[in-house]
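Worksheet: the structure to be examined is printed underneath.
The values are calculated or read from the model by the stated rules, or taken from the named source; none is laboratory data. It should be emphasised that the depicted structure is a prediction, and the values quoted were computed from it without experimental measurement. Heads up, the Cβs are rebuilt from the backbone with ideal geometry, glycines too, and the neighbour counts pull from every protein chain shown. For the accessible areas, the whole protein counts, side chains as well, though only heavy atoms, and no ligand, DNA or RNA atoms are used. Shrake-Rupley method; radii C 1.70, N 1.55, O 1.52, S 1.80 Å.
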Amino acid sequence: MIEPVENSYSFSDREAHLWYVVPDEVKSSFLLSNYLDILSPCEKENVSRMRGEQLQKAALLARVLVRTTIARYQINGQVNPRSLKFKKNIHGKPELEWDDDQCQCASRLQFNISHTSSLILCGVTVDSPIGVDLEEKQRKLKNNILAFARRYFTPHEVKFLSSISDPVVQHQHFVKLWTLKESYVKALGRGFSGLPFRMFTIQFRTTENGDSCPSGETNNEGEIIVKSLEDVNSFSSNWQFALLELAGSHYAAICMEKDEAVEGEVPTPMKLTVRKTIPYVRDELISGPDAAVISGLT
């Protein structure tokens, strides 16, 4: 039987933590069997319904990653991952559900999860809604990129993608845009169906002159912003983003709510810590090319 998480972690001001698992690196059948003991009866049933061993394994690891990650942030690791309870908002976004007698600091935790067939990602914050999305850099599309973009993106974003003649670069920017947009609607707790991608534009604004351009031209010298399609002059100032290349194979986007800055002061920028894990086996602090920031952090 696996014991509760012993390692505990804490947050500095305006910090987001990302934890990810590579399913192919979890090979122990004994470990997977013990992971199953952490899940609720409903989660176990959902895992068993998945068709094929690989899909079942991915579903299992996703739930285990969420439970063990959240349990790391309790005082002295006192919350057992098995005891965690979850609920969903009206749009289906999972949230924590705490009993009245559980510590108040725990109820401030916010989380979000995303996964592909080859990577599973969980983001955690305190006192700030968070949305994360993970996409393979080589994500395959059934349709032509521009045809796909015209269906889901705003005219501004389609125009930008149309201006890129190199098909490889065009594909990269499309995936970046999709990842950022997905993280935004997830942070709002609404999801793709609750807020269609055509309703807002993701843009990049440089710090030097305030000019903006599509997110594909980002670097570390500015910020990623949201522009409402309903009001072309309206930018959302309540959210901040980071875009990363993760594990050399994926783009990861994080969107979290900004703090309320004192009048005349600049809001505290997002801080980010990325760790790779095999729950109960090892944790690895990631830096360098394995978690290369593209944009959004100071």
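Quick rundown of the values:
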| item | result |
| --- | --- |
| Residue count for the range 149-160, restricted to those that are open to solvent by 30 Å² or more (accessible area, probe 1.4 Å) and either aliphatic (A, V, I, L, M) or under 24 Å from the mean Cα position of the chain (by Cα) (or both) | 2 |
| Test: residue in the range 256-271 that is at pLDDT 90 or above and touching a Pro at 6+ places or on another chain (Cβ under 8 Å) | yes |
| Filter result (among the small types (Gly, Ala, Ser) and either outside any helix (DSSP H, G or I) or open to solvent by 90 Å² or more (accessible area, probe 1.4 Å) (or both)) within the range 23-41 | 28, 29, 40 |
| Subset of the range 69-88 (residues that are open to solvent by less than 40 Å² (accessible area, probe 1.4 Å) and at pLDDT 55 or above) | 69, 70, 71, 72, 73, 74, 79, 81, 84 |
| Residue that is most open to solvent (accessible area, probe 1.4 Å), among those in the range 42-65 that are among the aliphatic types (A, V, I, L, M) and touching a Pro at 6+ places or on another chain (Cβ under 8 Å) | 58 |
| The range 189-208, residues that are open to solvent by 60 Å² or more (accessible area, probe 1.4 Å) and at pLDDT 85 or above | 198, 199 |
